[in-house]
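Reviewing the structure listed below.
The values are calculated or read from the model by the stated rules, or taken from the named source; none is laboratory data. Only a predicted model underlies this, so the values are computations on that prediction, with no experimental measurement involved. As a convention, Cβ positions derive from the backbone with ideal geometry for all residues, glycine included, and neighbour counts pool all protein chains shown. What goes into the accessible areas is simple: the full protein's heavy atoms, side chains included, and nothing from ligands, DNA or RNA. Shrake-Rupley method; radii C 1.70, N 1.55, O 1.52, S 1.80 Å.
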Amino acid sequence: MAFCTKCGTQIESGEICESCLAKAQAAPAEAQATVAPAAPAAPVTPVQPMQPMQPVYPVQPKKPAFDFKKYGKFIGIGAGVLSMPYLAEKNGFITATLILIAALAAMTLAGSAETRRVTTRAAADGLDFGFESKDGDSGVLVISDLRPGRYRMLKNGYPVGIWRADEFAAGIDLEKIMSLPGEGRPASYRLTLKPVVAIGVDALLPKPREMTVLAGRLALPAGGLDALDVKAETDATIPSEGYRLHVGADGVRIASSDAAGAFYARQTLEQLLGSDGAALPCVEIEDAPAYRWRGLLVDESRHFMGYTAVRRLLDQMARYKLNVLHWHLTDDTGWRLEIKSKPRLTTVGAVRPWSTERFRRGEEDGVAYGPYFYTQDEARRIVAYAAERHITVVPEIEFPGHAIAAIAAYPELSCLGEKSPVKYPYQPFVWKPDVFCPGKDTTIRFFEEVLDEVCAIFPSRTIHIGGDECVMTNWKTCPHCQARMKANGLKTTEELQHWMTRHFTDYLASKGRRALGWDEILEGGLPEGAAVMSWRGAAGGIAAAKAGLEVVMTPCTYCYYDYGQGLGDDPHEYIGGCITLEKAYSFDPVEGIPADKRKFVLGGQANNWAEFTINEFDLNWKLWPRTLALAEVLWTAPAVRDYPAFAARARLHRKRLVSEGVNAAPVE
């Protein structure tokens, strides 16, 4: 038996079922690229392979101070012209000769910048690879040695990645990960090394909670894993999302209590394949997650990643048994979701006239950004794609702070109304008092209508309503806010925010949903009925759990992957801080929480805020391999963290990610 690579339906043979084949033949090419597959009928759905990355890089890295490749020839010609007058002088021959030598040197350097391919140290390290430029522009990509056994990739002089010599053995397909537009025609490069990396029984990640390796191997049929007849059964005693996997001489059996468990068993099965891809080791595995919420936050307000990039990320999340995509869609810098009753949110709120210059904080790059946003149809397709991989998409609609993009579109939502100084979305480096006015009934009704449309798109029980970093200065003098406070007996602006949080918690509850907010929602009163996401360390989560509120732990000290990684020679820009892979692996979601209150901890997640994450290439570098640590912490929750053993497994998985076109950072 095999599985359709489009919808996951079990079929007798081949790669695609008759229904999907008919749809593919009837649909236009563009529709084939964007329409999500139908929900799978089979209990076990294979993750679709990653598609090649598209070269969407809206912001360029900082340029080098001088480009010899571009100007060397002109310098040489100019020097040659300058030498001419000296030849006419009696004693000018030596001077002219020196100038001509300098001219030739400049032109030679320019030529060498165009023809360099790979430094010779690669051969000394025993690397067997070749570099090919498909369009003949051989000077754009250079692999240079930083020191023995360590290499840096450059694109027109801009550093874009670092790899150690041993990690080249993974196989790096630059056609997938290395194309920066805005420099003429898109260039295609391929660095050919070894094929896709196998994982095997000793390097499973996340590590199963219980595993016994048996003697022998199970040979696969000619069609490989997809042609294997897997016997599935239901066992109500197995925890939700858990599974029992048997691989023996008699075949493969999977038992689970739900479809998610069967799906995760399939992910483990795919990792078990050996390097030859022809046999599976015989094993008995009993596995189940330690936490219900195993998430990643992607911030698309500050920099937009796009439909295809999100689908690729969902594929990788599913492989490592992560089950929540926290989708940050609104902020000061842009509103990224179509709201049909509020069209200016995207016609105005999804466009900004500039972004921050890379590596020059506070400086404007002068490049218009947008309009970038998801239509409701695109959002629904992403939700469906995620659901097939047993991932819940939790949208975040931010209020009452981080409001600049929405206020630019609808200034009446602010305390100042039409007098608001906000004219377009932007990234303030000092938080501004331009926030929503909770004193106006029109503001409250506005967000009720927004949430009506959001709930119609996203079936998630949880809707994130933000609540963080709200500057309340204007509320203190706003007549509408003061009237609201007086009418409700509120003494502080923190209590006014609590009133707004409680209102929308109740509003979402009336629609069968639960509000989730950052830990600031604890200020001003206990948000009964809401869940809390603890980011300012663990204190907010500890307080919420003690009060009986459900909690998602994401302390910035362990889970903010926009912080630096502690890598030497790192060419990427970070907001600050440092979370090494080892520190990410040391994260414990229940640390400091009394034993009898740990039941309120849903789990945890990592966040990548995108002030300095400009595209998918940048995002992947910051997420991987640290997300591997997160995946094991939240699934296996090992009592003793053996970091060296984890790092050894992570190196192999990092090689596999890179071989598939994911720009993963090295495991130091």
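Remarks
- Amide H contacts of Met533: Gly517, Trp518, Asp519, Val552, each under 5 Å away and 5 or more positions distant or on a separate chain (H built 1.01 Å from N in the peptide plane; Pro and chain starts excluded).
- Loop-located chymotrypsin sites (Phe, Trp or Tyr not before Pro) in segment 340-384 (DSSP state other than H, G, I, E, B) with a sparse environment of at most 16 neighbouring Cβ atoms within 10 Å: Trp354, Phe359.
- Compared with the alpha-carbon gap, the fully stretched path from Lys486 to Ala279 is longer by 67.3 nm at 0.36 nm per residue.
- Computed accessible area, His246, all protein chains, 1.4 angstrom probe, square angstrom: 20
- All Cα-Cα separations within segment 215-362 were binned at 5 Å from zero, giving a P(r) of 2, 8, 14, 14, 13, 11, 9, 7, 7, 7, 6, 3, 1, each value a whole percent of the pairs.
- Segment 461-537 shape via C-alpha gyration tensor axes, a/c threshold 1.5: oblate
- The packing ranking, built from the mean of other Cβ atoms within 10 Å per residue, places the peptides 558-569, 451-462, 638-649 in the order 558-569, 451-462, 638-649, highest first.
- Annotation: amide H of Leu337 within the under-5 Å range of Tyr374, sequence separation 5 or more or interchain, hydrogens built in the peptide plane.
- Karplus-derived HN-Hα couplings along segment 210-217 (A = 6.51, B = -1.76, C = 1.60, θ = phi - 60°), whole Hz, x at Gly and Pro: 9, 8, 10, 8, 9, 6, x, 9
- Translational D in µm²/s for segment 570-615 (Stokes-Einstein at 37 °C, 0.692 mPa s, Kirkwood Rh from C-alpha pairs): 244
- Per-q log10 I(q)/I(0), segment 501-600, q = 0.17, 0.18, 0.23 Å⁻¹ (Debye; single scatterer per alpha-carbon; no solvent): -0.79, -0.84, -1.10
- Karplus-derived 3J(HN,Hα) values for segment 482-499, using 6.51 cos²θ - 1.76 cosθ + 1.60 with θ = phi - 60°, are 5, 5, 5, 5, 5, 5, 10, x, 9, 9, 10, 5, 4, 5, 5, 5, 4, 4 Hz; glycine and proline are entered as x.
- Note, ³J(HN,Hα) from phi for segment 236-244, Karplus 6.51, -1.76, 1.60, rounded to Hz, x at Gly and Pro: 5, 7, 7, x, 4, 6, x, 7, 10
- Prolate is the label for segment 382-467, because the ratio a/c of its alpha-carbon gyration tensor axes (a ≥ b ≥ c) is 1.5 or higher and a/b is greater than b/c.
- Antiparallel DSSP beta bridges within segment 188-335, as percent of all bridges there, nearest 5: 65
- Whether segment 263-327 is rounded, prolate or oblate, judged on the alpha carbon gyration tensor where a/c under 1.5 counts as rounded: oblate
- Legend: distances between Cα atoms for Lys321/Lys622; Lys486/Lys546; Lys419/Lys440; Lys231/Lys599; Lys622/Lys655; Lys432/Lys546; pairs beyond 23 Å are Lys486/Lys546; Lys231/Lys599; Lys432/Lys546.
- Estimated translational D of segment 537-668 in µm²/s (Stokes, Kirkwood radius over Cα pairs; 4 °C; 1.567 mPa s): 84
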